[in-house]
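Undergrad: Quick one: the structure is below, questions incoming.
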Amino acid sequence: MKIWWLDYHPVYNTVNFENYEDGKNVREMVQDASPLSGNWIRYNVILNNKGKPSDILNAVGGALIVSERAKDIITQIPNLNVEFLPLSSSEGVFFVLNVLTVLNCVNPNHSKEKRLGSSNKLIDYEELELYKDVVQDKDLFRIMLHEGNTVLPKIYVSDRLKDLLENNLEGYQLVEMWDSEFSWRQKEEKYASMCEEVDKSIKGTFNFEKAVNYVQKNKGQLIYSGKWALKVDEENEIWLGQLSLNGTYSWINPIYYPPVILGLTWGTK
């Protein structure tokens with residue numbers, strides 16, 4: 001059993017409030033997951049058309065702006081405690097998805113907390129451990145901090161809703177946040193072991209400058225350092241890869257390299 005964070009994806013079409021103050025007001029209204037349909041007014045929004053259709057078009061505090069198709073798909077699951085608050089636009093039919101289910105489901109003894117400076121105030125979680133009996137059979141919800149009454153802005157979905165979204169919608173992100181069978185500590189241990197194995201397997205070591213020269217002269221070859229890898233594309237542009245838990249690399253063409261990358265020792269396999 002897994003729990004997923006549902007979010008919009010900025011490279012796809014997005015929707016923004018025509019008036020900045022309207023967007024600010026909506027962010028404040030959805031903050032604590034209270035019902036809003038009784039006093040809701042239609043706010044004007046505009047579509048930022050990037051040529052990549054999307055059904056989850058923006059995040060607004062603790063809510064999402066969604067398409068009519070997203071509304072139709074999500075409501076296929078009965079008895080969800082949500083509101084679809086209509087927006088005004090000449091460019092499509094859009095809604096604010098206001099999720100009203102808030103769960104006190106965090107196991108504080110096994111989660112990694114994020115606290116604020118000298119006040120030590122709990123503001124978020126870097127890693128989550130959830131109570132399975134609380135989140136089981138909950139398809140769409142938000143989470144309350146285990147200290148105080150703050151409701152976190154992220155919207156979480158079940159495996160069942162994730163599958164429904166993946167089969168019917170486009171232009172969004174689903175990020176795994178919790179796995180009942182594989183804790184974040186176990187993932188960290190596995191990842192550290194994978195990085196160690198990479199370092200043990202490399203032969204011939206280079207600094208960053210020589211590593212770049214190597215991959216540019218040996219197209220198709222990769223060079224490694226812990227969780228990182230370097231390669232070039234057909235235009236001889238350098239790509240930086242980060243190792244994933246599944247053993248593959250996610251690649252970016254970086255604008256700049258942080259100092260930690262520049263100081264690493266690299267090698268070939």
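The values are calculated or read from the model by the stated rules, or taken from the named source; none is laboratory data. Every value quoted in this text rests on a predicted model; they were computed, and no experiment measured them. Here the Cβ is made from the backbone with ideal geometry for all residues, glycine too, and neighbour counts use every protein chain on show.
Undergrad: Taking residue 76 as meeting all but one of (1) surrounded by 15 or more Cβ atoms within 10 Å (Cβ to Cβ); (2) touching a Leu at 6+ places or on another chain (Cβ under 8 Å); (3) assigned by TED's automatic domain parsing to the domain that holds residue 34, write down the number of the exception.
TA: (1)
Undergrad: Continuing with the same structure: Quick check on the range 7-21. Is at least one of its residues within 15 Å of residue 98 (Cα to Cα) and of a type in the set (A, V, I, L, M, F, W, C)? Reasoning before the result, please.
TA: Taking the range 7-21 and keeping what is within 15 Å of residue 98 (Cα to Cα), we get 7-8.
When the remaining residues are screened for being of a type in the set (A, V, I, L, M, F, W, C), the result is none.
No: the range 7-21 contains no residue that is within 15 Å of residue 98 (Cα to Cα) and of a type in the set (A, V, I, L, M, F, W, C).
Undergrad: Here's another thing I want to ask about it. Find the helices (runs of 4 or more DSSP H) located wholly in the range 173-269 whose residues include 2 or more that are surrounded by 13 or more Cβ atoms within 10 Å (Cβ to Cβ), and list them.
TA: It comes to 184-201, 208-217.
Undergrad: State whether the residues of the range 177-199 include one that is of a type in the set (A, V, I, L, M), closer than 30 Å to residue 52 by Cβ and modelled with pLDDT of 95 or more. Talk me through it step by step, then tell me what you get.
TA: As a first pass, look at the range 177-199 and keep what is of a type in the set (A, V, I, L, M): 177, 192, 194, 198.
Then keep just the ones that are closer than 30 Å to residue 52 by Cβ; that gives 177.
With modelled with pLDDT of 95 or more added as a condition, the list becomes 177.
Scanning the range 177-199 turns up at least one residue that is of a type in the set (A, V, I, L, M), closer than 30 Å to residue 52 by Cβ and modelled with pLDDT of 95 or more.
Undergrad: In addition: If you take the residues in the range 70-106 that are of a type in the set (A, V, I, L, M, F, W, C) and part of a loop (DSSP other than H, G, I, E, B), which one is nearest to residue 51 (Cα to Cα)? Even if it seems obvious, please write down each step before you answer.
TA: As a first pass, look at the range 70-106 and keep what is of a type in the set (A, V, I, L, M, F, W, C): 70, 73-74, 77, 80, 82, 84-85, 87, 93-97, 99-100, 102-103, 105-106.
Imposing the further condition that a residue be part of a loop (DSSP other than H, G, I, E, B) reduces the set to 77, 80, 87, 93, 100, 105.
Working: 77: 30, 80: 32, 87: 21, 93: 17, 100: 32, 105: 39 Å.
The qualifying residue nearest to residue 51 (Cα to Cα) is 93.
Let's see how each residue does on (1) over 21 Å from residue 142 (Cβ atoms); (2) touching a residue at least 24 places away in the same chain (Cβ under 8 Å):
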| site | (1), (2) |
| --- | --- |
| 22 | yes, no |
| 48 | yes, yes |
| 56 | no, yes |
| 72 | yes, no |
| 85 | no, yes |
| 90 | yes, no |
| 99 | no, yes |
| 118 | yes, no |
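Undergrad: Residues to consider are 67, 34; find the one that is under 17 Å from residue 142 (Cα atoms), at pLDDT 95 or above and not β-branched (Val, Ile, Thr). Explain how you work it out, then say what you get.
TA: Values: 67 fails: under 17 Å from residue 142 (Cα atoms).
Result: 34 is the single residue among 67, 34 that is under 17 Å from residue 142 (Cα atoms), at pLDDT 95 or above and not β-branched (Val, Ile, Thr).
Undergrad: Same structure again: Considering only residues that are free of Cβ contacts under 8 Å to residues at least 24 places away in the same chain and not in a loop (DSSP other than H, G, I, E, B), which ones fall in the range 128-143? Steps first, answer last, please.
TA: To start, the set of residues in the range 128-143 that are free of Cβ contacts under 8 Å to residues at least 24 places away in the same chain comprises 133, 137.
Once the filter is applied, which keeps residues that are free of Cβ contacts under 8 Å to residues at least 24 places away in the same chain and not in a loop (DSSP other than H, G, I, E, B), the range 128-143 yields only 133.
Undergrad: Taking the range 166-224, which residues are under 24 Å from the mean Cα position of the chain (by Cα) and small (Gly, Ala, Ser)? Quick ask: steps written out before the conclusion?
TA: From the range 166-224, those under 24 Å from the mean Cα position of the chain (by Cα) are 166-192, 194-195; that's our starting set.
Scanning the range 166-224 gives 171, 180, 183, 192.
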